[in-house]
Amino acid sequence: MKAAQIERPLAARVVIVPEPVTGADDVLIKVHAAGICGTDLHIFKGEYEATYPLTPGHEFSGEVVAVGANVRNFKVGDRVTADPNIPCNRCSYCQQNEPNQCRNLRAIGVTQNGAFAEYVIAPEGNVFNIGEMSYSAAALIEPLACVVWGLKQVDAQAGNSALVLGAGPMGCLVAQGLRSAGAAQVVVTDVAPWRLRMAENLGVSAAVLADESQASRLKTLSPDGFDIVVDATGIPAVLESAFQYAKPRGKIWVFGVTPIGSFVKFPAYEVFRRDLKIIGSFAVNRTFPQSIALVQSGAIQVEPLISHELPLDEFGRGLEFAEKDPKRMKVHFRMG
Ligand SMILES: [Zn+2]
Ligand SMILES: [Zn+2]
């Protein structure tokens with residue numbers, strides 16, 4: 001089969017490899033859509049805990065083409081997506097129902113071959129039916145499931161006000177997630193006006209250009225600050241700016257992936273004086289079913305976030321678009 005392979009950092013090409021072997025507990029999936037995520041770019045550059053050579057791709061959807069002898073819940077022809085994270089189910093964190101903190105976490109597309117290929121295997125327990133949802137939409141269930149886990153961590157409340165810094169694909173998912181969790185006001189900021197228009201079309205309360213007048217515009221929109229302030233950029237300086245926008249008792253949600261080893265300064269006295277909380281959220285934590293429900297119900301729109309769709313043969317171009325096309329949102333490969 002065809003597969004995109006990163007042989008070593010910065011060396012990627014499309015190769016012909018044997019089809020993966022379907023184990024007794026595995027589902028073999030013919031990939032229809034797979035999205036590039038920031039993690040894939042880090043893997044490409046050698047900045048992530050990946051095993052090379054590797055076929056990346058952990059945000060995907062497709063059709064079941066074979067099932068292992070022990071598989072009970074899926075059959076050939078089922079339309080599915082899969083949670084890429086494979087916890088060990090044995091360590092102390094798994095035993096405490098915290099599989100995203102598993103000490104031996106493996107992941108499809110990170111520590112084993114992923115979905116930038118014609119076929120990918122996933123353990124049955126990681127696979128989910130997508131019903132009539134389009135394959136393109138279903139390849140965005142994984143990033144949305146990360147948002148849903150964050151929403152649980154943050155414990156968004158009905159009527160909250162929220163500020164999302166960054167209106168990229170993740171920022172737009174976070175903004176919609178906050179809305180669906182009951183936030184009455186969701187404001188987003190971004191440096192790109194066209195991304196702000198997109199956020200507005202997805203139903204945010206206000207979209208503010210991230211320039212010198214951002215702080216005063218946000219003050220006008222919510223004079224006392226926001227209950228929840230989310231960094232969805234991963235830029236340390238942007239995260240640093242988040243604290244000034246939080247209300248007393250406000251929560252700072254660290255969602256964007258900052259570079260490993262980076263630090264931010266925060267106003268320690270203000271965190272103390274205003275009862276602020278700093279909350280992290282990592283990956284997916286058994287949040288695929290909720291994410292599927294949010295897309296199926298129409299509560300969250302994911303397809304407008306796809307800016308590029310390419311055949312797998314153009315893997316290298318796809319990485320370039322995802323890295324630096326100024327008009328990029330989500331870059332997808334379409335197979336089949
Ligand atoms: Zn991802
Ligand atoms: Zn574990």
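What to note about this one:
- For the stretch 223-246, residues that are open to solvent by 50 Å² or more (accessible area, probe 1.4 Å) and among the small types (Gly, Ala, Ser) total 1.
Yes or no, residue by residue, for (1) more than 17 Å from the chain's Cα centre (by Cα); (2) loosely packed, with under 13 Cβ neighbours inside 10 Å:
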position	(1), (2)
Phe255	no, no
Thr258	no, no
Glu270	yes, no
Arg274	yes, no
Asn285	no, no
Phe288	no, no
Glu314	yes, no
Lys327	yes, yes
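- The stretch 70-86, subset outside any loop (DSSP other than H, G, I, E, B) and more than 10 Å from ligand 2 (Cβ to nearest atom), residue surrounded by the most Cβ atoms within 10 Å (Cβ to Cβ): Thr81
- Among the criteria (1) of a type outside the set (Phe, Trp, Tyr); (2) at negative phi; (3) within 9 Å of ligand 2 (Cβ to nearest atom), the one Asn89 does not fulfil is (2).
- Of all the numbered requirements in (1) surrounded by 15 or more Cβ atoms within 10 Å (Cβ to Cβ); (2) more than 16 Å from ligand 2 (Cβ to nearest atom); (3) among the small types (Gly, Ala, Ser), Ala107 misses one, and that requirement is (2).
- Contact annotation: residue pairs with Cβ atoms under 8 Å, 6 or more positions apart or on different chains, pairing a residue in the stretch 72-91 that is within 16 Å of ligand 1 (Cβ to nearest atom) with a partner that is of a type in the set (Ser, Thr, Tyr) and modelled with pLDDT of 95 or more, are Thr81/Ser61.
- Strands (runs of 3 or more DSSP E) lying entirely in the stretch 1-63 (those with 3 or more residues that are under 22 Å from the mean Cα position of the chain (by Cα)): 2-8, 26-35
- Across the stretch 45-69, the qualifying residues are those that are hydrophobic (A, V, I, L, M, F, W, C) and open to solvent by 40 Å² or more (accessible area, probe 1.4 Å), and the one among them that is nearest to Met133 (Cα to Cα) is Val65.
- Spans of helices (runs of 4 or more DSSP H) in the stretch 129-222 with at least 2 residues outside the structural domain of Lys30 (by TED's automatic domain parsing), open to solvent by 30 Å² or more (accessible area, probe 1.4 Å) and in contact (Cβ under 8 Å) with a residue 40 or more places away in the chain: 141-154, 169-180, 193-201
- Here the stretch 236-268 is the region considered, the condition is being touching a Gly at 6+ places or on another chain (Cβ under 6 Å) and β-branched (Val, Ile, Thr), and the residue that is farthest from Val147 (Cα to Cα) is Thr258.
- Identity of the residue in the stretch 26-43, open to solvent by less than 20 Å² (accessible area, probe 1.4 Å) and more than 16 Å from ligand 1 (Cβ to nearest atom), that ends up nearest to Arg72 (Cα to Cα): Val27
- Scanning the stretch 92-112 for residues that are more than 16 Å from ligand 1 (Cβ to nearest atom), assigned to a loop (DSSP other than H, G, I, E, B) and under 17 Å from Glu49 (Cβ atoms) yields Cys102, Arg103, Asn104.
The values are calculated or read from the model by the stated rules, or taken from the named source; none is laboratory data. Remember, predicted model here, so these are calculated numbers, not experimental data. Don't worry about glycine lacking a Cβ; one is built from the backbone with ideal geometry, like all the others, and counts go over all protein chains shown. Remember, those area values only see protein heavy atoms, side chains included, never the ligands or the DNA or RNA. Shrake-Rupley method; radii C 1.70, N 1.55, O 1.52, S 1.80 Å.
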